1. Of the residues A:82, A:36, which single one is touching a strand residue (DSSP E or B) at 6+ places or on another chain (Cβ under 7 Å) and either within 13 Å of another protein chain (Cβ to nearest Cβ) or more than 30 Å from residue A:164 (Cβ to Cβ) (or both)?
2. Would a scan of region B:45-53 turn up a residue that is out of contact with any strand residue (DSSP E or B) (no Cβ under 7 Å at 6 or more places or on another chain) and under 20 Å from residue B:158 (Cα atoms)?
3. Does residue A:145 satisfy the condition of being out of contact with any helix residue (DSSP H, G or I) (no Cβ under 7 Å at 6 or more places or on another chain) and either without any contact (Cβ under 8 Å) to a residue 60 or more places away in the chain or over 29 Å from residue A:22 (Cβ atoms) (or both)?
4. State the number of residues belonging to region A:95-120 that are within 20 Å of the chain's Cα centre (by Cα), more than 14 Å from chain B (Cβ to nearest Cβ) and part of a helix (DSSP H, G or I).
5. Could you pull out the residue among A:32, A:42 that is under 20 Å from residue A:97 (Cβ atoms), surrounded by fewer than 15 Cβ atoms within 10 Å (Cβ to Cβ) and in contact with a helix residue (DSSP H, G or I) (Cβ under 7 Å, 6 or more places away or on another chain)?
6. Could you look through region A:165-178, keep only residues that are surrounded by 19 or more Cβ atoms within 10 Å (Cβ to Cβ) and facing another protein chain (nearest Cβ under 7 Å), and pick out the one that is farthest from residue B:21 (Cα to Cα)?
7. Among what's in region A:85-94 and is surrounded by 12 or more Cβ atoms within 10 Å (Cβ to Cβ) and touching a residue at least 60 places away in the same chain (Cβ under 8 Å), pick the residue that is farthest from the other protein chains (Cβ to nearest Cβ).
């Protein structure tokens with residue numbers, strides 16, 4: 001069985017649009033258009049973000065490996081982000097700070113703007129200004145941005161681990177984190193009820 | 001209370017499904033992830049004449065010292081020692097799939113890379129074509145065949161025939177080029193020209209081209 005569709009044909013835009021709408025719809029249904037819910041993961045009263053993303057990750061990982069097993073997908077065709085050590089650390093920190101302050105991440109801000117949330121629209125505006133500024137001053141930090149390119153590294157490869165064994169461990173960690181965050185959430189919500 | 005218990009049961013069920021599926025992936029036998037070309041694709045490629053490079057083109061590149069072309073002589077080492085094109089390395093047809101002690105193909109660095117253009121030749125076209133097809137089956141890229149092989153090389157580059165007086169300007173130009181090339185390559189003599197015996201350059205694969213970045 002070949003690929004479901006060819007990335008280079010004109011239908012890819014239509015399919016991207018359909019997938020994008022489905023993604024936005026699911027984000028909204030999961031409550032990801034609420035900045036209170038999103039920021040909850042940092043304050044410990046709501047871990048839905050972590051749970052949803054972890055579930056999505058393990059579902060996708062298991063699905064992809066099975067797809068590959070049945071010969072439906074060629075995993076080597078899938079783009080893997082390059083890992084730049086410095087920019088990954090700084091970018092991750094900036095993203096986290098922006099997430100706590102703004103209450104959205106880029107994807108969810110678009111989702112919340114679509115249902116008419118003003119804070120999300122402001123966030124999206126800031127995000128676009130940030131993109132433009134980043135581009136304008138790019139030469140200043142191009143060196144840092146590109147430094148330490150480790151290529152498309154995968155965690156299991158750098159650990160010298162079997163891919164499937166790593167996935168099993170990852171699933172176990174995900175489930176353990178669900179249990180742990182459920183416990184923390186219960187404690188914190190009990191406490192906040194007292195006030 | 002009973003409601004939370006139902007949810008918990010559902011969670012436990014989902015968690016066991018995930019762990020079960022992940023365990024299944026661990027247990028399932030590994031499939032060989034061969035990148036070989038499918039037969040129908042191979043057939044298409046075989047019928048495509050794009051793999052051929054003419055002797056004139058090869059001559060032109062040798063004269064221009066084009067370092068992006070790697071000539072590969074697929075004849076026996078004996079024949080290679082007797083005569084070979086300038087800059088050609090010898091990978092006999094029966095040893096293209098030689099493996100080292102680790103089980104890797106010895107010549108993979110040369111035959112499967114994306115920097116140089118490999119051009120195979122033999123005395124005719126047949127053996128070079130065979131090598132090309134075998135490598136195509138493995139989905140190796142950047143491999144070409146010198147059409148007509150050394151026989152055509154001698155006919156066209158070393159001993160070019162003067163075209164009739166009615167020949168077009170292009171034909172005359174080609175003839176003049178061939179005559180010049182013939183002089184460059186030692187005019188009409190097929191006796192083994194002095195060749196440098198420098199070892200074959202080992203071409204390292206480029207570490208992944210830079211592509212556009214994706215994001216969240």
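1. Details: A:36 fails: touching a strand residue (DSSP E or B) at 6+ places or on another chain (Cβ under 7 Å).
On inspection, the qualifying residue turns out to be A:82.
2. Applying the first criterion (out of contact with any strand residue (DSSP E or B) (no Cβ under 7 Å at 6 or more places or on another chain)) to region B:45-53 yields B:45-50.
Those left that are additionally under 20 Å from residue B:158 (Cα atoms): none.
No, because not a single residue in region B:45-53 is out of contact with any strand residue (DSSP E or B) (no Cβ under 7 Å at 6 or more places or on another chain) and under 20 Å from residue B:158 (Cα atoms).
3. Numbers: out of contact with any helix residue (DSSP H, G or I) (no Cβ under 7 Å at 6 or more places or on another chain): no; either without any contact (Cβ under 8 Å) to a residue 60 or more places away in the chain or over 29 Å from residue A:22 (Cβ atoms) (or both): yes.
Taking the combined requirement at face value, the residue does not satisfy it.
4. To start, the set of residues in region A:95-120 that are within 20 Å of the chain's Cα centre (by Cα) comprises A:95-114, A:120.
Remaining after also requiring more than 14 Å from chain B (Cβ to nearest Cβ): A:97, A:100-103, A:112-114, A:120.
With part of a helix (DSSP H, G or I) added as a condition, the list becomes A:97, A:100-102, A:112-114, A:120.
Looking only at that region, the number is 8.
5. Working: A:32 fails: surrounded by fewer than 15 Cβ atoms within 10 Å (Cβ to Cβ).
None of the others qualify; the one that does is A:42.
6. Going through the qualifying residues, I end up with A:175.
7. In this case the residue turns out to be A:86.
Here is a yes/no grid of residues against (1) part of a helix (DSSP H, G or I); (2) within 14 Å of chain B (Cβ to nearest Cβ); (3) under 25 Å from residue B:18 (Cβ atoms); (4) modelled with pLDDT under 85:
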{"residue": "A:17", "(1), (2), (3), (4)": "yes, no, no, no"}
{"residue": "A:45", "(1), (2), (3), (4)": "no, no, no, yes"}
{"residue": "A:51", "(1), (2), (3), (4)": "yes, yes, yes, no"}
{"residue": "A:61", "(1), (2), (3), (4)": "yes, yes, yes, no"}
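The values are calculated or read from the model by the stated rules, or taken from the named source; none is laboratory data. The structure displayed is predicted, hence computed values, not measured ones. Positions of Cβ are generated from backbone atoms using ideal geometry, with glycine treated the same way; all protein chains shown enter the neighbour counts.
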